[in-house]
Amino acid sequence: MGRFAIPAACIRLGLCLLMAFVAAAASAQTAPSPALEAAGAHGAPDVDPLAEEGRRLLARHGCTGCHSLDGAAGPGPTFADRWGGLAVVRVGAESRPVPYDRAYLARAVAAPDAELAEGWSAGIMPPYDLDGATLDAMAAALAAAATAAPDPPPTGWDGLIAGLVIFVLGHFVLSAGPLRRPLVNRLGERGFQLAYSLVAAFGMYQLIVGLDATPYVELWPPLPWTQQVPLAVMPVAVSLWVFGFSTPSPTAAGQSARVSEPPKGIIAITRHPALWGFVLWGLAHLPPNGDLATVAFFGGFVVLALGGMWHIDRRRAARLGADWTAFAEQTSVVPFVALLRGRARLRFGRGDLVRLVVSLVVFVGILHTHHLLFGVPALR
Ligand code: HEC
């Protein structure tokens, strides 16, 4: 009883994830990426099943995360209109032209830096070990990208900015501004939480759709080692989400009455576990995503989560007074500070073991569905 709170925050997270699914599914339907759509959907209808399969494989292996099929700029040279022509490559100090064909594709994939595409840096493209059938399909997709004459996909910042505005304003204006009280009076606390969740989820949806349409502006290149950072950090972030959203705490939405209870489980480590989960998630995704839009997306969440901690504390302090001060004294915002200072006591129970197992399952689940949800594989 009461060991697992299913607070509104859970519903909100669920809705956000649902909207992320919908956004991902929607963009996968209309365009696996703007680049893929352009290559397949413009000009003569492309019915070559091998090229179709090749485009799918290029997306699955993360190639189209760096190489566009429509001529758009990216971290690697575009595949558009290159097939059957000549590629200029640098081998040692010497530049030479080589036919851009199936053999070149195979060499480029197996040892990207042995023949370096002229004008591009070494160390960005990871080597792949792909079988002949995969290379055949990819070659067909590259050949099709050479014959398609696509309009460049519409790109712009409006969608991403609109998403950021809806998401951030939705959080801060609805929860604190003079809007909250009249809305709670009209909709009731539960109705308000639902409306709040819907606005947040719509903001999330708009953010993901908007991100897809932004032009590529590189701040730093996607070096292969940077992909290890999320792999190392995300188990911790996912655990913080699972523990945070399921541990009763006065810092969670609609639970301020719990302020007189001693802090449970994870709350002794930090009173904002779920928000720290978002901070770690955002920070961990920055190294491998050095383009302006993605940096704004993940960086925005980091700022929002840190701001959220401060904001929730301020509101609780104003509303709960001395009770809050007593609770805050036994906890800390920065993880482990209250424990190290001897103000907090760890009280983990059996429920926390369940949470740990759930965290692991969720992490492994995300690891294996990441490419379906977000178009970029978490694992190669
Ligand atoms: C992290 C970004 C990245 C990923 C992922 C990536 N590449 Fe590359 N690729 C590059 C860069 C940068 C270059 C240019 C430097 C070089 O030749 O190594 C390149 C070069 C190439 C070239 C030579 C292009 C030319 O214009 O001469 C081919 C072909 C190629 N990649 C195919 C692939 C395929 C197929 C995949 C997926 C299996 C893939 N790449 C994945 C970044 C990437």
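The values are calculated or read from the model by the stated rules, or taken from the named source; none is laboratory data. Nothing here was measured: the structure is a model prediction, and the numbers come from that model. Here the Cβ is made from the backbone with ideal geometry for all residues, glycine too, and neighbour counts use every protein chain on show.
Details
- For the stretch 249-258, filtered to residues that are touching a Pro at 6+ places or on another chain (Cβ under 8 Å) and buried (at least 21 other Cβ atoms within 10 Å of the Cβ), the residue that is farthest from Gln330 (Cα to Cα) is Ala252.
- Against the test of being in contact with a Pro (Cβ under 8 Å, 6 or more places away or on another chain), assigned by TED's automatic domain parsing to the domain that holds His285, exposed (fewer than 15 other Cβ atoms within 10 Å of the Cβ) and of a type outside the set (Ser, Thr, Tyr), the options Glu189, Glu218 yield a single qualifying residue, Glu218.
- Where Arg107 falls short, out of the listed (1) of a type outside the set (Gly, Ala, Ser); (2) in a loop (DSSP other than H, G, I, E, B); (3) more than 8 Å from the ligand (Cβ to nearest atom): (2)
- Number of the exception - Val259 against (1) closer than 18 Å to Ala378 by Cα; (2) over 16 Å from the mean Cα position of the chain (by Cα); (3) among the hydrophobic types (A, V, I, L, M, F, W, C): (1)
- Number of positions in the stretch 120-145 that are under 13 Å from Leu58 (Cα atoms) and under 26 Å from the mean Cα position of the chain (by Cα): 1
- Within the stretch 110-127, tally of residues that are in a loop (DSSP other than H, G, I, E, B) and crowded, with 17+ Cβ neighbours inside 10 Å: 3
- Within the option set Gly300, Gly282, being under 25 Å from the mean Cα position of the chain (by Cα), in the same structural domain as Val229 (by TED's automatic domain parsing) and modelled with pLDDT of 90 or more holds for one residue only, Gly282.
- Within this structure, Trp324 fails the test of being free of Cβ contacts under 8 Å to residues at least 60 places away in the same chain, assigned by TED's automatic domain parsing to the domain that holds Val358 and of a type in the set (A, V, I, L, M, F, W, C).
- Options Leu219, Leu223, Leu231: the member that is under 18 Å from Phe301 (Cβ atoms), within 16 Å of the ligand (Cβ to nearest atom) and out of contact with any His (no Cβ under 9 Å at 6 or more places or on another chain): Leu219
Yes/no matrix, rows are residues, columns are (1) touching a helix residue (DSSP H, G or I) at 6+ places or on another chain (Cβ under 9 Å); (2) not acidic (Asp, Glu):
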| residue | (1), (2) |
| --- | --- |
| Asp158 | yes, no |
| Ala162 | yes, yes |
| Leu169 | yes, yes |
| Phe172 | yes, yes |
| Arg181 | no, yes |
| Gly188 | no, yes |
| Ala195 | yes, yes |
| Leu198 | yes, yes |
| Gly203 | yes, yes |
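- Output for the stretch 74-101, where each listed residue is in contact with a Leu (Cβ under 8 Å, 6 or more places away or on another chain) and either more than 10 Å from the ligand (Cβ to nearest atom) or assigned to a strand (DSSP E or B) (or both): Ala80, Val89, Arg90, Val91, Pro97, Val98, Pro99
- Whichever residue in the stretch 292-338 is of a type in the set (Ser, Thr, Tyr) and in a helix (DSSP H, G or I) and, among such residues, is nearest to Pro248 (Cα to Cα): Thr325
- In the condition set (1) farther than 24 Å from Arg314 by Cα; (2) surrounded by 16 or more Cβ atoms within 10 Å (Cβ to Cβ), Arg347 is compliant with all but (2).
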